[in-house]
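Q: I'd like to ask some things about the structure below.
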Amino acid sequence: MVASLRRFRWWRLAVLIILGIYFFGPLVAAFLFTVHNTRLHTWSFAPYGQMFGAAGFGASLRMTLWISLLTIGIVMLLMVPTMLAIHLRLPKARGIVETICMVPLVISPVALVAGVSTVLGWGLNNQGSWIFRLDAQLQSQSLPLILPLIDVVLVMPFVFRALDAGLRAVDIKTLVEASRNLGASWLLTTWRVVVPNLRTALLSGSILTLALVFGEYTVSSILGFTPFAVWIVQDGQGSGQLPIAVSLLSLLLSWVVLFFVAFAGSRRFRVSPASPTPVSSAVRSI
Amino acid sequence: MTGVNSIALATGRPIAQRASAAGLDLTGLHRAYGETRALDGLDLSVAPGELVALLGPSGCGKTTALRIVAGFERPDAGSVRVGGTDITTVTPSKRDMGMVFQSYSLFPHLSATDNVAFGLRIRRVSSTVRRSKALELLELVGMSAQADRYPHQLSGGQQQRVALARALAIQPTVLLLDEPLSALDAKVRLQLRDEIRRIQISLGITTVLVTHDQEEALSVADRVAVMRSGRLEQCAPPAELYARPATPFVAEFVGVMNRIKGVISADNRVRVGDQSLAIDGEHPPANTPVWVLTRPESVRVSVQPSSQLDGALIQVATFLGAITRLTLTLPDGTDVKADLPSHEAGQFPIGSYATVTLADRAVLIVPRS
């Protein structure tokens, strides 16, 4: 007993406690803030019930969901063929594509949106032209299409890593050749062989995209749109508890989805028992 | 196991009575990767129903040749013909060829049955028919008990059996085997090798096997095509290849070969030590120093005093089961390998001296320059 106590590394426990406080402390504080009325000294879950009826909640949530779906669709249509080409035909292009995809990590969203604003301004100087009409579509208040286009750029590093890990987890070249040899066209091969074996990587890339779009504030705010993240901040200026409750719930939802994806990835699509699962590799690499 | 005759695919035609077995002709194939010439004018013909093994060292171009036949590579020059039809530029999905890959190529998300049925599904065969055909083929390769298992639940040998069934399911005109046994352990490799040959003979399917394992090539192929530096050195039945190699490379690549110094004599024989051997075919002029290539089983070892290659020192004795291979060093420093029945090996302890005699004829005579 004494020997086992001596063997116990106390510093490990200390590090864990410090990390736990650092990570969970703000969350616990935020939760207490949402349920405790400091003036009346009462406890209530009312903010969690009020959020669905709050002004702007539904519209901002709908807008964000649409932006998320469009972003996921565009980025996957762009990245899946690109990553396949890199792994099957153009391995030398990998470095160039990876560098391009990582650029958003080193360029501030403020700098990005400054450039986008300049380009969007061209339409204002050409009223009635197709550029003007395109600008109007891109900046529609109900569904600003410019946001998914910008978000595609912002999520590229994460989607690149997720797909790259997924493609490395299986011998995609041999699988594609086997499918082609059995008579499948490129389209059928992609649909029946590539996508099913990348399902977890696609899912994890989509979840990461969803999480980023839900939390994206800078670009939307500067361009004057009100998706979910901007609504939380704007609404928080009037009522403190409601937006914090919404933030906590959206965070919890993201965790649940991520754990679900990780669990699904560890149970299915194993090439061999020893090989890493696409989602765990993706999550590790991100 | 279900008899082969009972198996009929989507066309309703029994596999064993295939009418589609076609010959394969490769003519003047060239393929270069930058400065490296993978294929340098390869010519090869495979008769309908024949199994030809492409054998050669790493980098000789055998896999490139197979990938060109499958359509995964385009040759820089030359043509590929199946049944007389030029398919050089035909896309892989239209070539009607079954292929078993070196690495495990089963689709991880499909069960063994669905893997086998994949090609039939692509051909829009009804689900009932393709499932029954898949099960029959799985039975043919001895995998019916694992029909519902996924690839990660199968051993390497089992995966290759399923891959073979999958390749056969589409009734290919040519079956391509790209070192399908190289990742398997020795026992499974032998079993599957024999089964592949049995099924190939049963179906009468034209087959090309790529391998770097000469034992594998010699044991299953109707003919073995030995390749070197992108060219065909010799293509012949295994026994002929072993007994009458066309070039020194083939002689030394296939089987174990001794190189012993000799000189061509005036009577059109070759003199090795005090021994005079007959020569087959053309040979260098008299008094030319040559290497005499001979197999270990053609080397006789005796303990009796002799005027032949006297005084060979026994260096190593390797037990190989029925035979034991002795490595002896001749007085001129040349190492010679000799096979003898294992029950006689006790007469030749390591470190002792013995007399070496060569059989009447050498396999090949090569100028010593």
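All of the numbers you see were taken from the coordinates with simple rules; none came from a lab. Keep in mind that what you see is a predicted model, and the values were worked out from it rather than measured. Methodologically, a virtual Cβ is constructed for each residue, glycine included, from the backbone with ideal geometry; neighbour enumeration extends over all protein chains shown.
Q: Starting from the Cα of B:Ala243, step 7 Å toward the Cβ, then list every residue of region B:260-302 with an amide N under 20 Å from that point.
A: Hits in region B:260-302 for B:Ala243 at 20 Å: B:277-282, B:293-300.
Q: Convert each backbone phi in region B:193-199 into a coupling constant with the Karplus relation 6.51 cos²θ - 1.76 cosθ + 1.60 (shift: θ = phi - 60°), then list the ³J(HN,Hα) values in order as whole Hz, x for Gly and Pro.
A: Per-residue couplings from phi come out as 4, 5, 5, 4, 5, 4, 5 Hz.
Q: Neighbour counts of other C-beta atoms within 10 Å: give me A:Phe45, B:Phe253 arranged from fewest to most.
A: Fewest-to-most Cβ neighbours within 10 Å comes out as A:Phe45, B:Phe253.
Q: Next question. Give me the one-decimal nm value for the distance between modelled label points at A:Ile74 and B:Thr329, 7 Å along each residue's Cα-to-Cβ direction.
A: The two pseudo-label positions are separated by 7.7 nm.
Q: Treat each spin label as a single point 7 Å out from the Cα along the C-beta direction, and report the B:Gln315 to B:Ser369 distance in nm.
A: In this crude label model, B:Gln315 to B:Ser369 measures out at 2.9 nm.
Q: With chain A treated as a Gaussian network of Cα nodes joined by springs under 10 Å, which of A:Arg62, A:Arg89, A:Arg168 yields the largest mean-square fluctuation?
A: Taking springs between Cα atoms under 10 Å, the residue moving most is A:Arg89.
Q: Would you mind ranking A:Val80, B:Val188 by Cβ crowding within 10 Å, fewest neighbours first? Don't skip to the answer; put the middle values down first.
A: Working: A:Val80 21, B:Val188 17.
Taking fewest neighbouring Cβ atoms as first place, the list is B:Val188, A:Val80.
Q: Using the Cα gyration tensor of region B:48-150, with a ≥ b ≥ c the square roots of its eigenvalues, what is the shape: rounded (a/c below 1.5), prolate (a/b larger than b/c) or oblate (neither)?
A: Judged from the Cα gyration tensor, region B:48-150 comes out prolate (a/c at least 1.5, a/b above b/c).
Q: Okay, moving on. Looking at the square roots a ≥ b ≥ c of the eigenvalues of the Cα gyration tensor of chain A, which shape do they give, rounded for a/c under 1.5, prolate if a/b is larger than b/c, or oblate?
A: Details: a/c = 2.11, a/b = 1.08, b/c = 1.96.
Oblate.
Q: Starting from the Cα gyration tensor of chain B, take the square roots of the eigenvalues, sort them a ≥ b ≥ c, and report rounded, prolate or oblate (rounded when a/c is under 1.5, otherwise prolate if a/b is larger than b/c, else oblate).
A: prolate
Q: While we're looking at this one, here's another question. For the protein assembly as shown, what is the mean residue ellipticity at 222 nm derived from helices alone (per DSSP H run of n ≥ 4: -39500 (n - 2.57); sum divided by total residues; nearest 500 deg cm²/dmol)?
A: Computed ellipticity for the protein assembly as shown at 222 nm equals -14500 deg cm²/dmol.
Q: Can you list the residues of region B:31-57 with backbone N under 16 Å from a point 7 Å past the Cα of B:Val90, pointing along Cα to Cβ?
A: B:46, B:48-49
Q: Just tell me how shielded B:106-116 is by partners: mean number of partner chain Cβ atoms within 10 Å of each residue's Cβ, no decimals.
A: Partner Cβ neighbours, averaged per residue: 4.
Q: For B:Tyr353, B:Tyr150, which order do you get if you count the other beta carbons within 10 Å of each Cβ and list the fewest first? Walk me through the intermediate numbers first.
A: Working: B:Tyr353 13, B:Tyr150 19.
The order, fewest Cβ neighbours first, is B:Tyr353, B:Tyr150.
Q: Then there's this: Apply 1/(1 + (r/R0)^6) to the Cβ-Cβ distance of B:Thr288 and B:Ser58, taking R0 = 51 Å, and write down the FRET efficiency to the nearest 0.05. List each step's numbers first, then the result.
A: Working: r = 34 Å, r/R0 = 0.66.
Once rounded, the FRET efficiency stands at 0.90.
Q: Between the alpha-carbon centers of region A:126-183 and region A:37-57, tell me the distance in whole angstrom.
A: Cα centres, region A:126-183 to region A:37-57: 39 Å.
Q: Multiply the residue gap between A:Val256 and A:Arg39 by 0.36 nm, knock off their C-alpha separation, and tell me the result in nm, one decimal place.
A: 74.7 nm
Q: Nearest 0.05, what FRET efficiency do A:Leu187 and B:Ser144 give at R0 = 30 Å with Cβ-Cβ as r? List each step's numbers first, then the result.
A: Numbers: r = 33 Å, r/R0 = 1.10.
The computed FRET efficiency comes out at 0.35.
Q: If you build a Gaussian network model of chain B, linking Cα atoms that sit under 10 Å apart, which residue out of B:Val292, B:Val90, B:Val220 swings the most?
A: B:Val90
Q: So, in nm, how far is label B:His212 from label B:His30 when the simple model puts each one 7 Å beyond its Cα toward the Cβ?
A: Each label point is offset 7 Å from its Cα along the Cβ direction, giving 2.7 nm.
Q: Between the helical axis of B:156-169 and the dominant principal axis of chain B, each derived from Cα atoms, what acute angle in degrees is found, rounded to the nearest 10?
A: 60
Q: Let me ask something else. Taking Cα atoms, how many degrees apart are the long axis of helix B:127-140 and the longest axis of chain B, rounded to 10 and kept between 0 and 90?
A: 20
Q: When chain A is modelled as a GNM with alpha-carbon springs shorter than 10 Å, which of A:Leu19, A:Leu182, A:Leu112 fluctuates the most?
A: A:Leu19
Q: Subtract the Cα-Cα distance of A:Met102 and A:Arg62 from 0.36 nm times their separation in residues, and report this length gain in nm to one decimal.
A: 11.5 nm
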